[in-house]
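The values are calculated or read from the model by the stated rules, or taken from the named source; none is laboratory data. The shown structure was predicted, so the numbers you read here are calculated from the model rather than taken from an experiment. Note: ideal-geometry Cβ built from the backbone for every residue, glycine included; neighbour counts use all protein chains shown.
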Amino acid sequence: MGKESILDNWWFKTSINALITAVISTCVCWVYDVAKPTSPQVELQMKKDSMFIELAQGLTGKHDTQTVERVKHDVLSYLSKAMEQYPTREEFAREKHRFIDKAQGVIWESRMENGNMSIHAVAPYTNKTDEVNFNK
């Protein structure tokens with residue numbers, strides 16, 4: 001049994017292989033992070049942020065963070081309130097299936113029930129604008 005060289009030990013070879021693998025893996029991950037394209041969500045958010053910065057600059061003449069956040073809050077709250085006025089998809093679809101019978105004074109709605117189309121009275125028709133005399 002002679003003296004063994006450190007290069008002949010299995011644990012040394014395994015340690016060197018692990019170190020080389022870690023370095024190569026780190027380099028590959030870094031190259032991938034640098035080279036990968038920006039996701040569409042990130043690009044969209046960047047466009048929104050730049051739009052709000054330009055809007056704040058145009059409205060107030062400032063583009064500091066506090067002003068931009070205030071303008072963003074004001075615009076988004078205005079838009080959310082405006083969106084509440086629009087009908088939902090279900091309301092829009094129901095409105096397309098409503099019929100007004102002015103003679104009877106009833107609003108009818110068609111519905112599908114068990115594969116059959118049926119018409120139901122949903123509300124009285126109370127619009128009296130036809131009777132208004134605008135030439136007073």
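Residue pairs whose Cβ atoms lie under 8 Å apart, sitting 6 or more positions apart in sequence or on different chains, and linking a residue in the stretch 18-35 that is among the polar types (S, T, N, Q) to a partner that is surrounded by 10 or more Cβ atoms within 10 Å (Cβ to Cβ), do not occur here. So for the stretch 37-46 (the condition being in contact (Cβ under 8 Å) with a residue 12 or more places away in the chain and either assigned to a loop (DSSP other than H, G, I, E, B) or touching a helix residue (DSSP H, G or I) at 6+ places or on another chain (Cβ under 9 Å) (or both)), does at least one residue qualify? No - not one qualifying residue is present in the stretch 37-46.
Between V106, V68, the distinction of being surrounded by 10 or more Cβ atoms within 10 Å (Cβ to Cβ) and either within 23 Å of the chain's Cα centre (by Cα) or modelled with pLDDT under 85 (or both) belongs to V68 only.
Candidates in the stretch 71-103 are the residues that are over 21 Å from the mean Cα position of the chain (by Cα) and not in a helix (DSSP H, G or I); of these, the one that is farthest from S50 (Cα to Cα) is A103.
Give the residue that is nearest to the chain's Cα centre (by Cα), with candidates limited to residues of the stretch 109-123 that are surrounded by fewer than 10 Cβ atoms within 10 Å (Cβ to Cβ) and assigned to a strand (DSSP E or B). Applying the filter and picking the extreme gives M112.
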